[in-house]
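Structure record follows, encoded as structure tokens.
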């Protein structure tokens, strides 16, 4: 198969790139010709990506909740590797539980990564992209940002905040040639999803069947397309939004959930 090189010559930074959706985003960007600075709190996964793509991927450890660390890394990247054309926030955590049982630490930790981390990267990269008059910023959020979910209040609220932040940022920088969009996945076959299944005490096959079928007792619809997403499904949406094919799209939140939220 011929590899499309629509992103040749472009440089991207991806957070949460060590596994799951972030890893898939890195692969998809590289396949389209981009160079990628792959970052993650756990350096092992991004180091493996750099070994696999030695000429295209640079690996760095990064805690997105640390504003100074994000600013330093973006500054270092631009000085040593080149100006950033693309920034993708994927880093995220899930602390589940009913609101009445949710700890202050769980709430704060969730927002520190899922919301503050998006703010830190968006601010640092937008400052530089607006000076050059071009760039694309994408936040990987969640369809939980748009529909209430039991046991997921912190996660859903943090993702909703990230989506609105991305839209506000996009409005502020649009006149300077920078586009800002978000991708909101539904259930996706990642380690985060499998950890939720493990916590439920139900085997993976049955847990997946229940997600596809839906659960009226928890007010959750099923998935009309009849399958759980692969990380690559989400990565393809990200690549579309950062490409010139989406050059007239900004302030958009693209749901990639198989129709699970029944969005109008």
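The values are calculated or read from the model by the stated rules, or taken from the named source; none is laboratory data. Here the structure is a predicted model, which is why all the values come from computation and not from measurement. Every residue, glycine among them, receives a Cβ derived from its backbone with ideal geometry; neighbour counts consider all protein chains shown.
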Pairs, first at positive phi and surrounded by 21 or more Cβ atoms within 10 Å (Cβ to Cβ) in the stretch 132-159, second assigned to a loop (DSSP other than H, G, I, E, B) and modelled with pLDDT of 95 or more, C-beta under 6 Å, six or more apart:
135/85
Got a sec? Which of 57, 30 is in contact with a helix residue (DSSP H, G or I) (Cβ under 9 Å, 6 or more places away or on another chain) and crowded, with 22+ Cβ neighbours inside 10 Å?
57
Just the residues that are in contact with a helix residue (DSSP H, G or I) (Cβ under 9 Å, 6 or more places away or on another chain) and surrounded by fewer than 21 Cβ atoms within 10 Å (Cβ to Cβ), please, taken from the stretch 36-47.
41, 45
For the stretch 206-239, name all the residues that are surrounded by 14 or more Cβ atoms within 10 Å (Cβ to Cβ), part of a helix (DSSP H, G or I) and touching a residue at least 12 places away in the same chain (Cβ under 8 Å).
208, 211, 212, 231, 232, 233, 234, 235, 236, 237, 238, 239
Could you check the stretch 20-43 and list, in sequence order, the residues that are free of Cβ contacts under 8 Å to residues at least 60 places away in the same chain, over 19 Å from residue 70 (Cα atoms) and part of a helix (DSSP H, G or I)?
30, 31
Failed criterion for residue 127 (all others in (1) over 14 Å from the mean Cα position of the chain (by Cα); (2) within 12 Å of residue 173 (Cα to Cα); (3) touching a residue at least 40 places away in the same chain (Cβ under 8 Å) hold):
(3)
Working only within the stretch 244-264, note down all residues that are out of contact with any helix residue (DSSP H, G or I) (no Cβ under 6 Å at 6 or more places or on another chain), part of a loop (DSSP other than H, G, I, E, B) and surrounded by fewer than 17 Cβ atoms within 10 Å (Cβ to Cβ).
247, 248, 249, 252, 259, 262, 263, 264
